[in-house]
Amino acid sequence: MSFLVLIYDYADVTERRDCVRGRHIEYQRPFAENGVLLVGGALLDGEGSPIGSVAIVTYEAEEQVENWIHNDPYFVEHVWNEISILPIRTAEDLPFFRDNFEASDV
């Protein structure tokens, strides 16, 4: 199952976010390499400054998503605050896309 993950940062954590970013990226790398993390990045305000994170991940259950989040350095170091986990159906899950497009086309 796929999940959309929206996470807002605590206020005034830009410096902390910058300090932790390297460890956050290294934590996420294996999830991207093994296909769990389909897309991820910073959630930006109107001025282009990071105010959180967004990701689409594939797990069997929401509890696995929660575990993935709770072990991320951004969570451990109190960068991330408000977390929303929403189940979604990606286009490639729909029969029309499965039957008519290659994965590289989507």
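Throughout, read-outs are computed from the coordinates displayed, never taken from laboratory work. Because the structure is a prediction, the values reported are computed rather than measured. Please note: Cβ atoms are built from the backbone with ideal geometry, for glycine as well, and neighbour counts cover all protein chains shown.
Some observations on this one:
- Considering residues of the stretch 39-96 that are assigned to a helix (DSSP H, G or I) and among the acidic types (Asp, Glu) only, the residue nearest to Arg29 (Cα to Cα): Glu66
- Scope the stretch 4-38; condition surrounded by 15 or more Cβ atoms within 10 Å (Cβ to Cβ) and in a loop (DSSP other than H, G, I, E, B); matching residues: Val13, Val36
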